[in-house]
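Here the structure comes first, spelled out in structure tokens, and everything after it is commentary.
The values are calculated or read from the model by the stated rules, or taken from the named source; none is laboratory data. Here the structure is a predicted model, which is why all the values come from computation and not from measurement. Positions of Cβ are generated from backbone atoms using ideal geometry, with glycine treated the same way; all protein chains shown enter the neighbour counts.
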């Protein structure tokens, strides 16, 4: 069953000999069970840092993360992460990569025959829904980027996590493959009934995938605003042409430019260009 994710007063300060950097400051965010939330914002606004803290891969300086009301300290089996770089094990086949988390569990504790059968059935089901049946015995270096990311997502879903954290998982893919992956992840979201927090730089991607889009601002990293997405649960690429979609995209892009100072930088560049021409 999907779980809620709540951050309360979350802050992160990175210390260095040259001084401290406030990566996040007083971030309050509530994600409901089986909700799809995307995080967008300019580089340096703390999106990935926030995701890593929720995943237990980074410790906050202050504040709290709660999963279904329980304080989360460190990684947990209730959460899984998918990164931009696929991080597959090159010496394992597609199926072996997908089953890897079960192998670790088997080494830690006694596993019955029924457990093994259930795990195999789960792996077969994920292989099918990802469209990877024909490459089950292939190795990562024999796959395209899109296929490798499908394997990484299947591996993350293998232990049935209640919360799936995704850090720019489609950032390295071409436009056509990204569109296919968008529909795939929406399908998985419906089927798996999990909670998803998804980091991206692509505002159109953020709107198309999510129930809500969280816009973050930099210096220090903080939540600037949260936007509900006016789209039905079942989505299609044609929705990106709707007036409501385009209007929300413009609104979010304007906020990102405003909070990051990009608008000011462009004005300065325009003035410098005009001086050079004249």
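Just a few scattered comments:
- Residues satisfying the stated conditions in the stretch 210-221, i.e. crowded, with 21+ Cβ neighbours inside 10 Å and out of contact with any helix residue (DSSP H, G or I) (no Cβ under 6 Å at 6 or more places or on another chain): 210, 214, 221
- Test: residue in the stretch 28-46 that is over 28 Å from residue 250 (Cβ atoms) and in contact with a strand residue (DSSP E or B) (Cβ under 7 Å, 6 or more places away or on another chain): yes
- Hits in the stretch 71-123 - residues which are over 27 Å from residue 53 (Cα atoms) and at pLDDT 90 or above: 90, 91, 92, 93, 94, 95, 96
- Tally, over the stretch 225-248, of residues that are under 19 Å from residue 199 (Cβ atoms), surrounded by 18 or more Cβ atoms within 10 Å (Cβ to Cβ) and either touching a residue at least 24 places away in the same chain (Cβ under 8 Å) or in contact with a strand residue (DSSP E or B) (Cβ under 6 Å, 6 or more places away or on another chain) (or both): 2
- Against the list (1) part of a helix (DSSP H, G or I); (2) modelled with pLDDT under 90; (3) under 25 Å from the mean Cα position of the chain (by Cα), the condition residue 172 fails is (1).
- Options 51, 39, 29; residue that is in a strand (DSSP E or B) and buried (at least 21 other Cβ atoms within 10 Å of the Cβ): 39
- Residue 23 vs. criteria crowded, with 20+ Cβ neighbours inside 10 Å and in contact with a helix residue (DSSP H, G or I) (Cβ under 6 Å, 6 or more places away or on another chain): yes
- Within the stretch 72-89, the residues that satisfy the criterion of being out of contact with any strand residue (DSSP E or B) (no Cβ under 8 Å at 6 or more places or on another chain) and farther than 15 Å from residue 150 by Cα are 73, 74, 75, 77.
Yes or no, residue by residue, for (1) part of a loop (DSSP other than H, G, I, E, B); (2) modelled with pLDDT of 90 or more; (3) in contact with a strand residue (DSSP E or B) (Cβ under 9 Å, 6 or more places away or on another chain):
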{"site": "155", "(1), (2), (3)": "no, yes, yes"}
{"site": "159", "(1), (2), (3)": "yes, no, yes"}
{"site": "178", "(1), (2), (3)": "no, no, no"}
{"site": "183", "(1), (2), (3)": "no, yes, no"}
{"site": "189", "(1), (2), (3)": "no, yes, yes"}
